[in-house]
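Engineer: Just dropping this structure here.
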């Protein structure tokens, strides 16, 4: 019997919401160019997504159809398997602070198990969730999400995300919304 090609894990999309967050997060796989306008755009619209964060190489597909339909596409590329640079985390904070409450923010990398989930977990931590709980919530919805490096960055008491939070003193809009000064 010939070997069957291995299919992708059943993680096409995950909606992650928590009462501490003013927005929900929709993590998806990278859309295929052939289904961008019919399936993917319709899917984003059905979830009320006005913004999409692409963490993968922008050459993966042409976002013009999404933009023409009113979706703001943000290219925040960082290397697969790595943690986001401070500039992207700060941009994410700013973006969340500008979205209306109860919005849904869509994010994708290639397979939706590394870069997009680490950004969602970082946003949840920023909004008051314990890092371990944020990781558990993301992994509950995205099987296989977050590698060791990303996990360490999220939970390290002396470095990573917590170091950035201390450095920036969380004085932005999210800090004000969630009682941090």
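The values are calculated or read from the model by the stated rules, or taken from the named source; none is laboratory data. From a predicted model like this one, the values you see are computed outputs, not experimental measurements. All Cβ positions, even for glycine, are placed from backbone atoms using ideal geometry, and neighbour counts span all protein chains on display.
Engineer: Consider residue 110 carefully, then state whether it is under 24 Å from residue 42 (Cβ atoms) and surrounded by 14 or more Cβ atoms within 10 Å (Cβ to Cβ).
Structural biologist: It is true that residue 110 is under 24 Å from residue 42 (Cβ atoms) and surrounded by 14 or more Cβ atoms within 10 Å (Cβ to Cβ).
Engineer: Among the residues of the stretch 37-74, count how many are touching a strand residue (DSSP E or B) at 6+ places or on another chain (Cβ under 6 Å), within 18 Å of residue 114 (Cβ to Cβ) and surrounded by 13 or more Cβ atoms within 10 Å (Cβ to Cβ).
Structural biologist: 4
Engineer: While we're on this one: At pLDDT 95 or above, part of a strand (DSSP E or B), in contact with a helix residue (DSSP H, G or I) (Cβ under 8 Å, 6 or more places away or on another chain) and farther than 16 Å from residue 120 by Cβ, is that true of residue 53?
Structural biologist: No; evaluated as a whole, the condition is false for this residue.
Engineer: May I ask you to verify whether residue 106 is at pLDDT 95 or above, out of contact with any helix residue (DSSP H, G or I) (no Cβ under 8 Å at 6 or more places or on another chain) and closer than 29 Å to residue 61 by Cβ?
Structural biologist: When the stated conditions are applied, residue 106 does not pass them.
Engineer: Within the stretch 93-127, how many residues turn out to be within 9 Å of the chain's Cα centre (by Cα) and not in a loop (DSSP other than H, G, I, E, B)?
Structural biologist: Of the residues in the stretch 93-127, 13 are within 9 Å of the chain's Cα centre (by Cα) and not in a loop (DSSP other than H, G, I, E, B).
Engineer: With the condition kept exactly as written, say whether any residue in the stretch 125-136 is free of Cβ contacts under 8 Å to residues at least 24 places away in the same chain and surrounded by 16 or more Cβ atoms within 10 Å (Cβ to Cβ).
Structural biologist: Within the stretch 125-136, one or more residues are free of Cβ contacts under 8 Å to residues at least 24 places away in the same chain and surrounded by 16 or more Cβ atoms within 10 Å (Cβ to Cβ).
Engineer: Looking at the stretch 1-19, which of its residues are surrounded by fewer than 17 Cβ atoms within 10 Å (Cβ to Cβ) and either over 18 Å from the mean Cα position of the chain (by Cα) or at pLDDT below 90 (or both)?
Structural biologist: The answer is 1, 2, 3, 4, 5, 6, 7, 8, 9, 10, 12.
Engineer: Also, quick follow-up: Can residue 82 be described as under 26 Å from residue 135 (Cβ atoms), touching a strand residue (DSSP E or B) at 6+ places or on another chain (Cβ under 6 Å) and in contact (Cβ under 8 Å) with a residue 60 or more places away in the chain? Don't jump to the end; show me each part of the working.
Structural biologist: Details: under 26 Å from residue 135 (Cβ atoms): yes; touching a strand residue (DSSP E or B) at 6+ places or on another chain (Cβ under 6 Å): no; in contact (Cβ under 8 Å) with a residue 60 or more places away in the chain: yes.
Considered against the rule, which asks whether it is under 26 Å from residue 135 (Cβ atoms), touching a strand residue (DSSP E or B) at 6+ places or on another chain (Cβ under 6 Å) and in contact (Cβ under 8 Å) with a residue 60 or more places away in the chain, residue 82 comes out as no.
Engineer: Report whether or not residue 87 is surrounded by fewer than 15 Cβ atoms within 10 Å (Cβ to Cβ), under 15 Å from the mean Cα position of the chain (by Cα) and without any contact (Cβ under 8 Å) to a residue 12 or more places away in the chain.
Structural biologist: yes
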